[in-house]
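Below is one structure, written out as structure tokens, with a few remarks after it.
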Amino acid sequence: MRPFARRPAPRAARPLPAAAEVCIDRIGAEGDGVAALPDGTPLYLPFTLPGETVLARPIAPLGRGWVAHAESPRAPSPERIAPVCPHAGTCGGCRLQHWAAPGYRAWKSGLLAAALERAGFTMTPAPLVGTPPSTTPLGGRRRMDLALRRAGASVRVGLHATRSQEVVDLAACRVLAPDLFALLAPLREALAGRALLRRQGSAVANLTANGIDLLLSTDGPLSQDDRAALVSFAGAQHLARLSWARNSDSPETLCAFRPPQMDFSGITVRPPAGAFLQASAAGEAAIVAAVCAGLPKLTAKSRIVELFAGCGTLTFALARHARVAAYEGDAAACAALHAAACAASLDGRIRAEQRDLARRPLVPAELAGAAAVVLDPPHAGAPAQMPALAAARPARIIYVSCNPATLARDAALLRAAGYTAAAATPIDQFLWSARLESVTIFARV
């Protein structure tokens, strides 16, 4: 008989370091100021700026270092400005409202440059040099993904606090489109007395061309009274459509007064409930322009392979230049793309196929002959797809990224396969956050 294996003793918690006066060296990838204790241990201090000296009080471990609270700087940075939102400093949606535009924009562009350098591209692409990112204007966010949290008889509707699961109940928001923000107060009221929200849930709202498309996900069942109340709420708020799901179940349409519609490069698409859309019209336009500018010379017989196509944000723009084979894992999004292509008589030019590219990536033979491959993966990037893409070696790869960290990881495979970074465009679609959209053009040597 094998002896019982001894369980390893639980690792003792690291002792909390004492408070120390530190100087902020830089802003890290998550938007925190980065400093170091006298022994070199890194500290991450939200809402600080480079050059500021602060008294840092470590509060929680993070990797090899500590998250710390920073008391008011002894000498504020000349780049420090007054935030425009009363939630600045608590809400995790905006991390950098206190930073003046020139330094903030340079930092955002630097995130892309640093990602490409980590991937092995030593020369900063020329279009990136001195070019600030295109920025979504105030009130330009047309998509919101909000947390719902019951607090006794009331409901909090908002975003998570910085590095916390607590929900900041939004009383103001300068980045959301006014029509979306105006929905928050009546949504609180509609959910306050309803059993369908026991503890927590979420609300995803897309501002479409003909009204708000709202998807509620809650942790309780939907009674007939709840259903009637929500339909009444949707009518009073002039929603285009209201859908509901319990936790992660498939959504159910509760009412649809108008079919939600989006215009993608002149083609009308009817997205499914909770569909992924680019967060702003300005951001979408910048992405489409950068992608199309990066296409190689094409002929009528050229074929573009598009990966993670969604509902067609890029597909219809690409179809103006060549035939498109579009792959998307979400069944509802792929169906919306296919239906729009058929309605526009583009089904001979666009082929939409549902395919989970994480579990069943395209193999090199399926990528062979493509004049260009365009991919717009989720935040986790495309780790399953990249080896085959690097092996297939298409002449042009256009990578749309929302996460510099996963871009760096995926781009390293392309660097090893002999690609150069011909151009890179930063796009600040998530104003004052640590998130950055970008479009990078990889060309085969």
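The values are calculated or read from the model by the stated rules, or taken from the named source; none is laboratory data. Predicted model, so just to flag it, every value in this text is computed and none were measured. All Cβ positions, even for glycine, are placed from backbone atoms using ideal geometry, and neighbour counts span all protein chains on display. Just so you know, the surface numbers come from the protein's heavy atoms only, side chains and all, with ligands and any DNA or RNA stripped out. Shrake-Rupley method; radii C 1.70, N 1.55, O 1.52, S 1.80 Å.
Things worth noting here:
- Zone residues, region 21-39, relative to Glu117, backbone N less than 20 Å from point 7 Å out along Cα-to-Cβ: 24-36
- Using a Förster distance of 30 Å, the FRET efficiency for Thr90-Ala19 (Cβ separation, nearest 0.05): 0.90
- Of all the options Gly152, Gly89, Gly140, the one that moves most in a Gaussian network model of the chain with Cα springs shorter than 10 angstrom is Gly152.
- Global geometry of region 142-235, whether rounded, prolate or oblate, following the gyration tensor of its Cα atoms and the 1.5 cut on a/c: oblate
- Per-bin percent of Cα-Cα distances, region 202-271 [10 Å]: 21, 50, 24, 5, 0
- Heavy-atom SASA rank of Arg26, Arg143, Arg435 (probe 1.4 Å, accessible area, largest first): Arg26, Arg435, Arg143
- Surrounding net charge for Phe233, when Lys and Arg each add one and Asp and Glu each subtract one, Cβ distance under 15 Å: 0
- Percent of beta bridges antiparallel (DSSP, the chain, rounded to nearest 5): 70
- Accessible surface of the chain [probe 1.4 Å, protein heavy atoms]: carbon and sulfur percent: 56
- Highest mobility in the GNM of the chain, judged by mean-square fluctuation with C-alpha springs under 10 Å and restricted to Val168, Val84, Val291, is found for Val84.
- Rounded to the nearest angstrom and listed largest first, the equivalent-ellipsoid semi-axes of region 290-392 from its Cα gyration tensor are 20, 17, 12.
- Solvent exposure of Trp66, expressed as accessible area, is near 10 Å², computed with a probe of 1.4 Å over the protein chains only.
- Counted charge near Val54, where neighbours are those whose Cβ lies closer than 9 Å (Asp, Glu -1; Lys, Arg +1): -2
- For region 21-60, alpha-carbon Rg over 2.2 N^0.38 Å: 1.00
- Computed over neighbours whose Cβ is under 14 Å from that of Ala408, the net charge equals +1, Lys and Arg +1, Asp and Glu -1.
- Restricting the trypsin sites (Lys or Arg not before Pro) of region 233-321 to loop positions (DSSP other than H, G, I, E, B) with no more than 14 neighbouring Cβ atoms within 10 Å leaves Lys297, Lys301, Arg320.
- In units of the compact-protein estimate 2.2 N^0.38 Å, region 326-444 shows a Cα radius of gyration of 1.11.
- DSSP bridge pairs, region 239-380: antiparallel proportion in percent, nearest 5: 35
- ³J(HN,Hα) computed for each position of region 365-371 - Karplus, 6.51 cos²θ - 1.76 cosθ + 1.60, integer Hz, glycine/proline x: 5, 6, 8, 4, x, 6, 5
- Stretchable slack from Asp145 to Ser250, in nm (0.36 nm times residue separation minus alpha-carbon distance): 36.1 nm
- Distant-in-sequence amide H partners of Ser280 (H built 1.01 Å from N, under 5 Å): Arg142
- Among the chymotrypsin sites (Phe, Trp or Tyr not before Pro) in region 256-327, those located in a DSSP loop and surrounded by at most 15 other Cβ atoms within 10 Å of their own Cβ are Phe257.
- Heavy atoms of His69: accessible area, 1.4 Å probe, square angstrom to 10: 100
- Normalising by residue count, region 238-289 has a Cα convex hull of 103 Å³ per residue.
- Highest-MSF residue in the chain out of Ala56, Ala229, Ala18 [GNM, Cα springs under 10 Å]: Ala18
- Å² of accessible area per residue within region 195-244, as computed with a 1.4 Å probe and no ligands counted: 37
- Rounded to whole numbers, the Karplus 3J(HN,Hα) couplings from phi for region 201-207 are x, 8, 9, 10, 10, 10, 8 Hz, using 6.51 cos²θ - 1.76 cosθ + 1.60 with θ = phi - 60°, and x at Gly and Pro.
- Think of each Lys and Arg Cβ as +1 and each Asp and Glu Cβ as -1; about the Cα centre, that makes the dipole of region 330-445 roughly 360 debye.
- Rolling a 1.4 angstrom probe over the protein heavy atoms with all chains in place gives region 380-426 an accessible area of 30 Å² per residue.
- Gain upon complete extension [Glu30, Ala289; 0.36 nm per residue less C-alpha separation]: 90.5 nm
- Here's how it looks for His69: its modeled amide H is under 5 Å from those of Arg57, Ile59, which are all 5 or more places away or on a different chain.
- Whole-Hz ³J(HN,Hα) from phi, Karplus 6.51 cos²θ - 1.76 cosθ + 1.60, for region 291-308, glycine and proline x: 5, 5, 5, x, 5, x, 5, 10, 10, 4, 9, 5, 10, 9, 9, 10, 10, 6
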